Amino acid sequence: MTAEANPRTRQGTWVRVVVRGAVLTVVLLGLVVFSVLLAKVTLTPSPASEDLVTSNLRPGRSLRQYAEDYTFLAACKQAGGNLLLGVPFGLLLPFFVPRRLRMIRMTLLTAVAMAVVELIQGALVAGRAFDIDDVILNTAGALLGYFVLGRRITHRYYMYADVPAPSERPAEPEPAPEPKRTPRPTTGAKAARTKPAGAKGTRTKSAGTKTATTKGTSTKKPRSLLDRVRTRIRNR
């Protein structure tokens, strides 16, 4: 049985290793492609906007400006674009994040990465500035992507990667049969207490004879003094 199980186990292990490597390779390539697109979108200079943009360190200020000064389509484009920029983080980062507190770690990594991008924008790129609302929108997009699709994909991946297949599980040893219990010989006081049935019957019979004799003796009435005197006179 072990000779048949070993080739199957090795084959299943190799298949799982290949699948894991292929999935991680695809995810890594996707992360690289996304990083290139993110750099082009966020780090491209915009000289025409150099006099218009200003840094924003107050959360909600830019969102309020979108609602008040922008048209509906322009506000949706600006806010929706920042949300979409964060969605790939929620799809790709969970593959490289440990299971424990995965969502929190993914959220923190996204916030840190986008904060670094915004700092580079404000410091080095012409026509762009740091905006805390962009970081908030990007992080919200990462959470949206994680809850919609990323959580399911990573859950299935880790279930396949961590749980061994039935052919890879070690065979469980069969439970050993319990030894039969033999009655212990009665010795000492226990042997004295248990007496054979014959002895018990004899004791019962003797007890019956004794009671019968006692009863017969007890039925005789004592003779009176006058009868004793008459008996003595007759014997003389």
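General remarks:
- Pairs with Cβ under 6 Å, 6+ apart, first in the range 101-124 and within 17 Å of Gly145 (Cα to Cα), second modelled with pLDDT under 90 and open to solvent by less than 40 Å² (accessible area, probe 1.4 Å): Arg105/Val97; Met106/Val97
- Number of the exception - Gln78 against (1) without any contact (Cβ under 8 Å) to a residue 40 or more places away in the chain; (2) open to solvent by less than 50 Å² (accessible area, probe 1.4 Å); (3) in contact with a helix residue (DSSP H, G or I) (Cβ under 6 Å, 6 or more places away or on another chain): (2)
- Filtering Gly30, Gly60 for residues that are over 21 Å from Arg151 (Cβ atoms) and at pLDDT 90 or above leaves a single hit, Gly60.
- Members of the range 94-121 that are open to solvent by 40 Å² or more (accessible area, probe 1.4 Å) and not aliphatic (A, V, I, L, M): Phe96, Pro98, Arg99, Arg100, Arg105
- Here is the figure for the range 35-76: residues that are within 22 Å of Ile132 (Cβ to Cβ), under 43 Å from the mean Cα position of the chain (by Cα) and not hydroxyl-bearing (Ser, Thr, Tyr) total 9.
- Going through (1) of a type outside the set (D, E, K, R); (2) closer than 17 Å to Lys40 by Cβ; (3) in contact with a Gly (Cβ under 8 Å, 6 or more places away or on another chain); (4) open to solvent by 70 Å² or more (accessible area, probe 1.4 Å) one by one, Leu144 falls short only on (2).
The values are calculated or read from the model by the stated rules, or taken from the named source; none is laboratory data. Since the model is a prediction, treat every value here as computed from it, not as a measurement. Counting neighbours? That spans all protein chains shown, and the Cβs are built from the backbone with ideal geometry, glycine included. Protein only, heavy atoms only, side chains kept; ligands, DNA and RNA dropped before computing areas. Shrake-Rupley method; radii C 1.70, N 1.55, O 1.52, S 1.80 Å.
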